Structures are given as C-alpha cells and as structure tokens.
Amino acid sequence: MSVRKRVWTTRSGETKEAWIVDYTDQQGDRHIQTFDRRREADDYAAKVHQDVRAGIHTAPSKSLTVAEAAEAWIKQVEANGMKGHGPAERSTIRQYRQHINLHIAPRLGRKKLAELGPKTIEQFRDDLLATVSRPLARKVLTSLKSMLKVAKCGHIAADVSVGVSKRGKHRVVAGTDFPTPQEIKRLIDAAKGDKKRHALLLTAALTGLRASELRGLRWADVDLKAAELHVRQRADRYCTMGDPKSDSSKRALPLAPELVFALKEWKLACPQSDAGVVFPTSTGAVEHHSNMLRGLEPIMKSAGVVDKDGEPKYALHAFRHFFASWCINPKERGGRELPPKVAQELLGHSSIVMTLDIYGHLFPKEGGKTELADATRTLLA
C-alpha cells in the first residue's frame, strides 16, 4: 500500500494536485482512490489497511449500493426464513419492505456500502429520531443493521443504537389496558349462551395465548383428558399457519376444569375441517383477527365492558395482559401469586427481562414498613 502525491497541469495551464492511495485488497485486486488532502488519504489508507487484514474491506468499485444490498437481504430472508423457523411470514417481509422503502432507501439508498461509516449510521439514526417515533426508529435501525450484517458490513453499525426511553414508557393498568377480575366474570357470564364465545373468552383469559396462537390453535394441540394445551403453531395476519413467535413460545399450559368443560361442549358443535382449528369460521377455516374480535364485541356491550362512548373496551391482547396479572397477583386478591420465572414460562416470553419490563410493576412489593419493623425486632432482640 502506498500514499503518494500526484501533480498535473490542465489544458488551461492550471496546476492541480491530489493524493493517491494505491493498495491491494484481501482478494489480491488492486485499487486506487483519490483525495484532495493528504490527511484524508492517510486516514483512508489506515482504515483500509486494518480492514484488509481483518478481511472485511470492500472497495468502492466492488461495492453494492444500500438499495441493492437491501433487496439482496430481503430475498435471503424470504429464502432462508427467520431464526430457523421456516419461511418468513408475509407480514414480516411487508414490515421490512416498509422500513426500506419509507426510511432506508430515501436516506441511504444511493450510497455504496463502502462509503458508509459509523458517523453515517449515527446521522441516519438521528434523522430517524427527528422524524419518527422512538420505537419505530429502533425497528428501522434494527432492519438496517441486519441488512449490513448480511452484506458483511455489520461492523459499521455495531456501536450505533436507539436506547429505550424510560420516561414515556407505558405501564399496563387494570380496567384501562386489560379487564379487571370483575369485568372478566361479567364477560364470561354474558357469553354462556354462546358455546364458541364462552370457550374463546375462557381460553384467552385463563391461558394467556397470543391472538395469533388462539387463531392457530388446533384440537390436536388440546388434550382434554390430561387437561393440557400445547402451543405448537400460530396463524399470521393472512391466516397462514407457521411456527410460534420464538422457541420459548412453544409451551404446554395446564387447563382449569371450567375451561376443559367449556371446550368439551364447544368441540361437539365446532365446524369440522382439514384445518382442525379450535376457533374457526363457520366453514371451518382459520378466523381473521378482526373477525374474531368483532365476534366478542356484542358480548362486551352486553356485559357493560365498554368505554365512555359505549364502545367495546378491549382488544384480544388485553386478555393476555389479564392472564399475566392473574398469575402475578397475590392470592388474597384472587391471583395465583406465581414466581416471575413461572409467569415467564406460561406467557412464552423469551426472557425474564421481558416479563419484568412489561409486568414488573404488578408484582407484589416487598420490603414495606411492616416487614422492616419485624426484621429489625428480630435482628435486635
């Protein structure tokens, strides 16, 4: 590798100069880059020398544009699937394409990967934070970093991130974000004349299944004799069956006697089909998310579980929040008082951190004044 000065005279007689970086990459190909200033050339030469030794250098002449790399990344995700769980869901691909088309390509699409550096990625992040919400900025940056990793350029963005804002973090609240125990009782009572809705509400409230897991649940996954339910698949927004959200989402859940009875009653009336799902359409097909929720709206109104405008108060995910709170709450408040680790496993969370981040404020607070007084008396006795 060499850095040398080049001087030449233009046709008009003007003398000009530039600095040339002449080097060979890790594949043995020769490249030349030109700079106006010696310092820029020296900096580039130092970086290239380090990257060539690490085997991660891509010369500008060989480099894809960000737009080209993004398209290659999408195709790889479609072909290889997500985390080894089979083909990626269409909804996931759709989200990635939105990230590319709306945010990545307009800002970086024409740039070559070889032109990117940490400062470029930091500026991209800052532009995102100035124009979109923090959660969306984090998702878009994650997509960009995944794309760069596939293009063997992950080191560029390794130290760039969007932190989680604690100030505006919403904590789920009973009666606002999910039903109270009293509201659950009213809903179950209001649904008793409808075997499907009754079984659906009990399943949602007493197992905490995600909406996609409820829609993808098959009778083959429900062992009524053993009173156990297995989460083995889910239905995406297009009603296509696929693997659960993560490995930890695959789980076995015990069924309460009341739920077993309700499912037995519903199974006798459930439409039969090749899909074999527990809560299908009238023809036995997989139910759309919006239709499943719409089917519960009359029951919410009948039970008086409505907002200030008289509209149904909760979405399907609210029943998962209820299940979490029921697992966490102390027994004197009608809860199960389960340890955090057990709650995590029942919810199918990938880590205990996720469970505590969402529901940590619901766990009973220890170390109060009574406990302090008792412990002090014991210590000093």
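Selection of the range 28-48 for residues being closer than 20 Å to Gly154 by Cβ and either at pLDDT 90 or above or aliphatic (A, V, I, L, M) (or both) yields only Val48.
Within the range 141-175, the set of residues being surrounded by 14 or more Cβ atoms within 10 Å (Cβ to Cβ) and within 23 Å of Pro298 (Cα to Cα) comprises just one member, Ala174.
The sole residue among Phe322, Phe363 that is within 27 Å of Val231 (Cβ to Cβ), modelled with pLDDT under 95 and of a type in the set (Phe, Trp, Tyr) is Phe363. Only one entry of Arg186, Arg197, Arg237, Arg215 meets the criterion of being closer than 30 Å to Lys145 by Cα and either surrounded by fewer than 22 Cβ atoms within 10 Å (Cβ to Cβ) or touching a His at 6+ places or on another chain (Cβ under 9 Å) (or both), and that entry is Arg237.
Out of (1) part of a helix (DSSP H, G or I); (2) of a type in the set (Val, Ile, Thr); (3) not assigned by TED's automatic domain parsing to the domain that holds Gly109, the odd one out for Thr142 is which? Among (1) part of a helix (DSSP H, G or I); (2) of a type in the set (Val, Ile, Thr); (3) not assigned by TED's automatic domain parsing to the domain that holds Gly109, the lone unmet condition for Thr142 is (3). In the range 211-240, the residues that are within 24 Å of Gly295 (Cα to Cα) and of a type in the set (Ser, Thr, Tyr) never reach a residue that is surrounded by fewer than 21 Cβ atoms within 10 Å (Cβ to Cβ) and modelled with pLDDT of 95 or more with C-beta atoms less than 7 angstrom apart, at least six apart or across chains.
Among the strands (runs of 3 or more DSSP E) confined to the range 1-84, the ones with at least 1 residues that are of a type in the set (Gly, Ala, Ser) are located at 2-9, 15-24. Across the range 257-275, the qualifying residues are those that are under 31 Å from the mean Cα position of the chain (by Cα) and modelled with pLDDT under 95, and the one among them that is surrounded by the fewest Cβ atoms within 10 Å (Cβ to Cβ) is Asp274.
The values are calculated or read from the model by the stated rules, or taken from the named source; none is laboratory data. In this text the structure is predicted, and so the values were computed from the model without any measurement. Cβ sites come from the backbone with ideal geometry, for glycine too, and all protein chains shown count toward neighbours.
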